[in-house]
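First up is the structure itself, then whatever we jot down about it.
The values are calculated or read from the model by the stated rules, or taken from the named source; none is laboratory data. Here the structure is a predicted model, which is why all the values come from computation and not from measurement. These area figures cover heavy atoms from the full protein model, side chains too; ligands, DNA and RNA do not enter into them. Shrake-Rupley method; radii C 1.70, N 1.55, O 1.52, S 1.80 Å.
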Amino acid sequence: MPKRIILFFVITFILSVASLSAQSRRVVTYHSTTINNGRVDVQAFVYESVDVQPQFPGGDREMIKYINRERKYPEEAYKSGVYGRVLCGFVVTPSGEITNAEVLRGVEESLNQEALRVIENMPKWDAGLVDGVKVPVYCILAIPFRR
């Protein structure tokens, strides 16, 4: 596969509130949100490794096809010559759903929003596993925009 189409890499951080005794873990604040004008930190266990990485249905090649088919280059950004890779983080839940999508390193607001839209609309993935148990996994994915 050519280097320019390799977009996918997964950081092997596992988020879980379930207790899995065989893995070393630490509690971290994963995400902060505001509820009733107050800040609430969502805490989770972060594992240092997983046995099986989560996977887009059909693998990396199908994910690249999906991104290329679904991504729509914002017209103003295209006309202005804005390009680059939007680095996004998200969680693949034990049921395979994509949640908590966020921009880690953006390019321009319209490109950032389009990258999030593409990720949030992805079909369910095959979940990550630790000791045969499906667990939430934090993943990072770069969505490219090039002219």
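Accessible area per residue for the stretch 46-120, computed on protein heavy atoms with a 1.4 Å probe, is 53 Å². In order along the stretch 121-131, the phi-based Karplus estimate (6.51 cos²θ - 1.76 cosθ + 1.60, θ = phi - 60°) of 3J(HN,Hα) comes to 9, 4, x, 4, 8, 7, 5, x, 10, 10, 6 Hz; Gly and Pro are listed as x. For residue 79, list the aspartates and glutamates whose Cα falls under 17 Å from its own Cα; do not include residues on the same chain fewer than 8 positions away. Candidates past the 8-residue exclusion: 108, 109, 114. First compute the accessible area of the stretch 74-145 with a 1.4 Å probe, then give the percent of it belonging to carbon and sulfur atoms. Accessible surface attributable to carbon and sulfur in the stretch 74-145 totals 48 percent.
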